[in-house]
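Report on one structure; see the data block that follows.
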Amino acid sequence: MKVRRRRLSGRPLLVATSAGVALTITSCADSTSGNLVAPPQMELCVEVVPDEATVSVDGVEWTDDRCQDVWEGIHTVGAVAEGYDDYSEEVTVDSPTTHEITMVEESGD
């Protein structure tokens, strides 16, 4: 039986062997930290005026709880409410964060 092997391309991140089978996970990027662990989750709370506004984070509506765990990094926080201009902003979450939104009433033009 002939074993065909692919040429390794990229930088090896993880090599494992078991029962005669070898598994290699590589990175296609030229520079990588080699860290396969997901970033930590942080609590993001959103406080909004008016209180009846609908809040979303990364396009997902938060219906019941305005405090949730999100992955560390940049997130898009949005809010919509009848009679107010839509709100959207990118927020960097690198520690437990409370983001405050005061929506602006629509002008009657």
Quiz item: Taking the range 50-64, which residues are of a type in the set (A, V, I, L, M) and touching a residue at least 24 places away in the same chain (Cβ under 8 Å)?
Solution: A53, V55
Quiz item: Can you pull out the residues in the range 97-109 that are of a type in the set (D, E, K, R) and outside any loop (DSSP other than H, G, I, E, B)?
Solution: E100, E105
Exercise. Go through the range 53-70 and give me each residue that's assigned to a strand (DSSP E or B), more than 14 Å from the chain's Cα centre (by Cα) and not aromatic (F, W, Y).
Key: T54, V55, E61, C67
Exercise. Within the range 71-96, count every residue that is surrounded by fewer than 17 Cβ atoms within 10 Å (Cβ to Cβ) and part of a strand (DSSP E or B).
Key: 10
Quiz prompt | Filter result for V49 (out of contact with any helix residue (DSSP H, G or I) (no Cβ under 6 Å at 6 or more places or on another chain), aliphatic (A, V, I, L, M) and surrounded by 15 or more Cβ atoms within 10 Å (Cβ to Cβ)) | solution = no
Quiz item: When you go through A16, A29 one by one, which is the residue that is surrounded by fewer than 10 Cβ atoms within 10 Å (Cβ to Cβ), in a strand (DSSP E or B), of a type in the set (G, A, S) and modelled with pLDDT under 75?
Solution: A16
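The values are calculated or read from the model by the stated rules, or taken from the named source; none is laboratory data. Just so it is clear, the structure is predicted and the values come from calculations on it, not from any experiment. All Cβ positions, glycine included, derive from the backbone under ideal geometry; neighbour counts span all protein chains shown.
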